[in-house]
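Step one of this worksheet: look at the structure below.
The values are calculated or read from the model by the stated rules, or taken from the named source; none is laboratory data. Everything numeric in this text was worked out from a predicted model, so none of it was measured. All Cβ positions, even for glycine, are placed from backbone atoms using ideal geometry, and neighbour counts span all protein chains on display.
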C-alpha cells in the first residue's frame, strides 16, 4: 500500500510541476503579446471568421497576379482551362502575412481573377486542397496553419471546407472523428474519397509528427480513420503524395525532426517510398495495407520542400526544386537550393531527369530581356555557387541514402548556360493542364533574407523546348525589413531576452516552411 501511495504522490507532483511550467509559459506569452500589441491567436481567428460571415455577396475582380507567397495550393481546374491558387504566406523580415484569397487563372486569356465569397475559411498556409468535377465542381480544403504577424503565435487547423464552384459558396463541413489539427500533411482524391496522410503540429513549446491515415467520403460526409496493415512510413510532413490510376496512393520522401537533448533537435530527410494499397474484395473501403517500394531510374540528392504534381491521367508526376540542409556543426547548417526538374513514371516507378532543350531560344529574345529576367538569372547563378548559412535552425540527418548528382544539376557549359530555367526555390506551386506544366512562386534564402517569388512560368511537356516566362519577378522590389544584426545594450537583460525570443520565432518559421 505504501509503495502505491508513493507512486501516486509522485504522479501528482509531476502533474503539478507540468501545470506550473505551463502557467509560467502562458504568463510569459501573455506579457510578450502585450508588448507586441497582439491579441490571443484564437481571438484573432475568431474575429476573422466573424468578418468573413459579414460578407453577403460574391465579388469577382480582375487582378494583375497574386502577390508573393509560398506554402499555398495550386491546382488545375477539373473541367475548365483554368488554374486555381488558394492561400499561402509571405514574410518581410518583421511581419508575417497569411492569405485566404481564391484566384482563378484563365489560360487562354492569360488573366487572373480573385473571387471573394461569403463565410469562407480564415487565412492559412501549408494546407491541402483538391478539385473534383462532382456536383458541377468542388474544391475540398483541409487543415493548415495560421501565424500571428509577429510569429509569436501559431495555430493549426483541423477544419474541412468545400467550395461549390457552380454557386460560388463556401461550406464548412461539420463531421466528427477527423484528423487532429495539423499542417504540412498531404491529401489526394481517390474514388470519391479524400485520403489524408501525415503532417505535424507545433506550438513553439513542443511538436509532433504524424503518420496516421484518414479517409473522408465526399458523398456521405463521414471521416474514417484507416488502420493499414504492414509497416507504415515513419511520421513525417512535406512528403510527395500522388494518387495512382488503380486506386493506390504513392508516398515518397518527407521531413521530420526529433529531440536528441534539451534545446537540440535533429532533422531527418527521407528518401523512402511506400504504396498505400486497398485490400481486394473489401466492399467497405476501410481495409488498406502499406507496401514499401523502391523507385528506380535517376538518383538525385535528398531534399525536402519539393512540390509534386501529377498529370490528369496519373501516368506521370513532376517535381521541381527543393532544399537540402547540410550540418556544419551543432549550431550551423548550410542550405543547398535546387532548380532541377524531375519526372516520376507512375506506372514503372522510375525517376527521369527532365531537360529543356532551348531549341526555340532566339537571339532577338536575348536582346529583349528585361531587367527582371537578368536579375532572375543572376540569382540562379549565385545560389548554385554559394553556400547559404543559417543560424542553427535544425540539424539534418539523411535517411536512406541515394547517390548525389547535385553537381550534375549545375549548368557549366556555354550552351546550357543560355537555356533559361526558373531559379532555385522551395514550396512553389506546380500544376499540369493540357500537357503544359505551370510553376508559380515559392521561396529562396539569401543569407538571412527570404526571397519570396511571384514569378510565373510554363513549359510544354511534350516539346520541352523552352520555359515560357508568363510573369518575370523583379525581386529588387521585394520589401525586406529584417534586422541588420545591430548590437543591443548588453546591460539590458530584458532586451536580450526579447531578441532571443525573436530568434526562436524566426527559427520556428524556417522549420514550418520546410515542414510544409
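Key figures
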| quantity | calculated |
| --- | --- |
| Some residue of region 307-330 being surrounded by fewer than 13 Cβ atoms within 10 Å (Cβ to Cβ) and under 22 Å from the mean Cα position of the chain (by Cα) | yes |
| Filter pass, residue 195 being surrounded by fewer than 20 Cβ atoms within 10 Å (Cβ to Cβ) and modelled with pLDDT of 95 or more | no |
| Segments classed as strands (runs of 3 or more DSSP E), wholly inside region 230-330, with at least 1 members that are at pLDDT below 95 | 249-261, 264-278, 323-327 |
| Number of positions in region 30-48 that are at pLDDT 85 or above and surrounded by 15 or more Cβ atoms within 10 Å (Cβ to Cβ) | 4 |
| Of the criteria (1) out of contact with any helix residue (DSSP H, G or I) (no Cβ under 7 Å at 6 or more places or on another chain); (2) assigned to a loop (DSSP other than H, G, I, E, B), which one residue 141 fails | (2) |
| Region 205-225, residues that are surrounded by fewer than 16 Cβ atoms within 10 Å (Cβ to Cβ) and over 19 Å from residue 236 (Cβ atoms) | 205, 217, 219, 220, 221, 222 |
| Which listed residue, of 243, 152, 175, 147, is in contact (Cβ under 8 Å) with a residue 24 or more places away in the chain, over 19 Å from residue 304 (Cα atoms) and in contact with a helix residue (DSSP H, G or I) (Cβ under 6 Å, 6 or more places away or on another chain) | 152 |
| Residues within region 288-306 that are surrounded by fewer than 16 Cβ atoms within 10 Å (Cβ to Cβ) and over 15 Å from residue 251 (Cβ atoms), tallied | 3 |
| Only one of 95, 116 that is closer than 25 Å to residue 171 by Cβ and surrounded by fewer than 18 Cβ atoms within 10 Å (Cβ to Cβ) | 116 |
| Residue in region 147-168 that is surrounded by fewer than 15 Cβ atoms within 10 Å (Cβ to Cβ) and more than 18 Å from residue 214 (Cβ to Cβ) present | yes |
| Residues satisfying the stated conditions in region 196-229, i.e. more than 16 Å from the chain's Cα centre (by Cα), more than 21 Å from residue 132 (Cβ to Cβ) and part of a strand (DSSP E or B) | 207, 208, 225, 229 |
| Criterion (over 21 Å from residue 471 (Cβ atoms), at pLDDT 95 or above and touching a strand residue (DSSP E or B) at 6+ places or on another chain (Cβ under 8 Å)) met by exactly one of 83, 98, 102, 70 | 98 |
| When residues of region 133-146 are limited to those that are under 19 Å from residue 83 (Cβ atoms) and under 17 Å from the mean Cα position of the chain (by Cα), the one surrounded by the fewest Cβ atoms within 10 Å (Cβ to Cβ) | 140 |
| Hits in region 152-195 (condition: in a loop (DSSP other than H, G, I, E, B), more than 28 Å from residue 253 (Cβ to Cβ) and out of contact with any strand residue (DSSP E or B) (no Cβ under 6 Å at 6 or more places or on another chain)) | 152, 153, 165, 166, 167, 168, 174, 176 |
| Selection from region 83-115 of residues that are in a strand (DSSP E or B), more than 16 Å from the chain's Cα centre (by Cα), touching a residue at least 40 places away in the same chain (Cβ under 8 Å) and more than 18 Å from residue 307 (Cβ to Cβ) | 102, 111, 112, 113, 114, 115 |
